[in-house]
Amino acid sequence: VQLQASGGGLAQPGGSLRLACVASGNIFDINTLAWYRQVPENEREPVATITRGGFTSYKDSVKGRFIISRDNAKNTVDLQMNSLRPEDTAVYYCYANSRTSTVSYWGQGTLVTVSS
């Protein structure tokens with residue numbers, strides 16, 4: 001499975017950005033999709049996850065501001081980020097795990113900067 005992320009960039013506090021990730025390859029092996037983020041010297045942390053059936057979960061600090069969605073027909077997972085804060089600044093990674101093994105897949109990171 002290959003994951004290709006896009007959509008990062010610069011936003012002002014209170015603004016919005018939308019991240020997109022397209023999966024290719026053995027897409028039938030994909031179970032849960034998620035977005036993680038990482039800032040320098042910190043561990044990569046989950047921001048939002050969505051199961052194959054559409055169940056979602058969010059990091060507490062983004063609840064009510066971020067929305068994760070997936071389209072199983074198009075093999076995509078998006079993250080709509082609203083009311084952005086400077087502390088949302090990070091490199092964001094698309095993630096998928098396997099239905100049949102313990103393998104995890106990562107996309108390349110996309111930088112999100114929230115600054116005035």
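Since every read-out is calculated from the coordinates, none of them should be taken as a lab result. Only a predicted model underlies this, so the values are computations on that prediction, with no experimental measurement involved. Counting neighbours? That spans all protein chains shown, and the Cβs are built from the backbone with ideal geometry, glycine included.
Annotations for the structure displayed:
- GNM flexibility winner over the chain from I68, I50, I27 (Cα, springs under 10 Å): I27
- Interchain or long-range residues, amide H under 5 Å from R37's placed H: E45, V47, Y93
- FRET efficiency, 1/(1 + (r/R0)^6) with R0 41 Å, evaluated for R85 and D29 via beta carbons: 0.70
- Alpha carbon centroid spacing (whole Å) that separates region 78-93 from region 1-49: 10 Å
- Within the chain, percent of DSSP bridges classed antiparallel, to nearest 5: 95 percent
- Karplus (6.51, -1.76, 1.60) ³J(HN,Hα), θ = phi - 60°, over region 62-78, in Hz, Gly and Pro reported as x: 10, 4, x, 10, 10, 9, 9, 9, 9, 10, 5, 6, 9, 6, 10, 9, 10
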